[in-house]
1. What shape does segment 1-70 take by its C-alpha gyration tensor, where a ≥ b ≥ c are the square roots of the eigenvalues and a/c under 1.5 counts as rounded, a/b above b/c as prolate, and the rest as oblate?
2. With a 10 Å radius around each residue's Cβ, average the other Cβ atoms per peptide and rank 24-37, 210-223, highest first.
3. I need to check one value: relative contact order of segment 1-93, counting alpha carbon pairs closer than 8 Å and at least 6 residues apart, in percent.
4. For the chain, what does the relative contact order come out to in percent, with C-alpha contacts under 8 Å and a separation of six or more?
5. Quick check on packing: order 247-253, 82-88, 268-274 by the mean number of other C-beta atoms within 10 Å, highest mean leading.
6. Order these peptides, 254-265, 191-202, by their mean beta-carbon neighbour count within 10 angstrom, highest first.
7. Once every DSSP H run of n ≥ 4 in the chain is given -39500 (n - 2.57) and the sum is divided by its residues, what mean residue ellipticity at 222 nm do you get, rounded to the nearest 500 deg cm²/dmol?
8. When a/c is below 1.5 the answer is rounded, else prolate if a/b is larger than b/c, else oblate, so apply that to segment 205-277 with a ≥ b ≥ c taken from the square roots of the Cα gyration tensor eigenvalues.
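Laboratory data are not the source of any read-out in this text; all were calculated from the coordinates shown. Remember, predicted model here, so these are calculated numbers, not experimental data. Because the Cβ atoms are built from the backbone with ideal geometry, glycine has one as well, and the counts that use them run over all protein chains shown.
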């Protein structure tokens, strides 16, 4: 077994087929995410996320705005998926996540897009907001792999995942890159309409870490592992401090954490979020990360 290859290259055709079939069964009474709407996505019914049975993509290309370990010189091969299972009031991509801006593509076309991104020199395949399309994406990865795809696959998600689904992604996803948004249930309910976000995101990140471990960086590029993103929200520093405590004490102090400061008011937000982040707030969170040993990923 070649440990330098992406993990999905080590799966047999039968193993891939079995994963796709299992994921499609979950779509029939949909529980791809923690909302577990129960609609028959295979029959075209829409649940909370508004996605149906067809794969919808907003855009794709070499992206240079991601973490440096993903970007390198050739960029991250980013595929933006349409719709979302959260309702973050401050989302900066509402046209895609809430309004469904995008187009339907076949699974074969998605595989060809992955290969196209590899041909242009991207360092990975970065699937953005992929959770509600897990069956289609796994099938696309299989088709692309059979045609020569050999880049690490990044599962770039909100953190609001179903562990049952994550277990079916074991051995397929090389790099998990979840957001970790909240530390308090009432905040998650108010800002994303997901009161169980804290519980679900934490159990999901534990499972991700079990599968891939700490981020492995080879020649400056991420090859495999967990990379966590956290966007600091103005006036909610205690949320951030609690999240860092959880990562350091219950996951690993070697976790690669990107503490992000680029929040700006977008959409209809509560009054206390209708301002940019103060520099002092960012500094306090970074100081906490350093005190916990969470220095990987800090700028």
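1. Details: a/c = 2.58, a/b = 1.32, b/c = 1.95.
In terms of gyration-tensor shape, oblate.
2. 24-37, 210-223
3. Once normalised by length, the contact order is 17 percent.
4. 16 percent
5. So the peptides 247-253, 82-88, 268-274, ranked by packing, come out 82-88, 247-253, 268-274.
6. So the peptides 254-265, 191-202, ranked by packing, come out 191-202, 254-265.
7. Counting only the DSSP helices, I get -10000 deg cm²/dmol.
8. Taking the square roots of the gyration eigenvalues as a ≥ b ≥ c, segment 205-277 is prolate.
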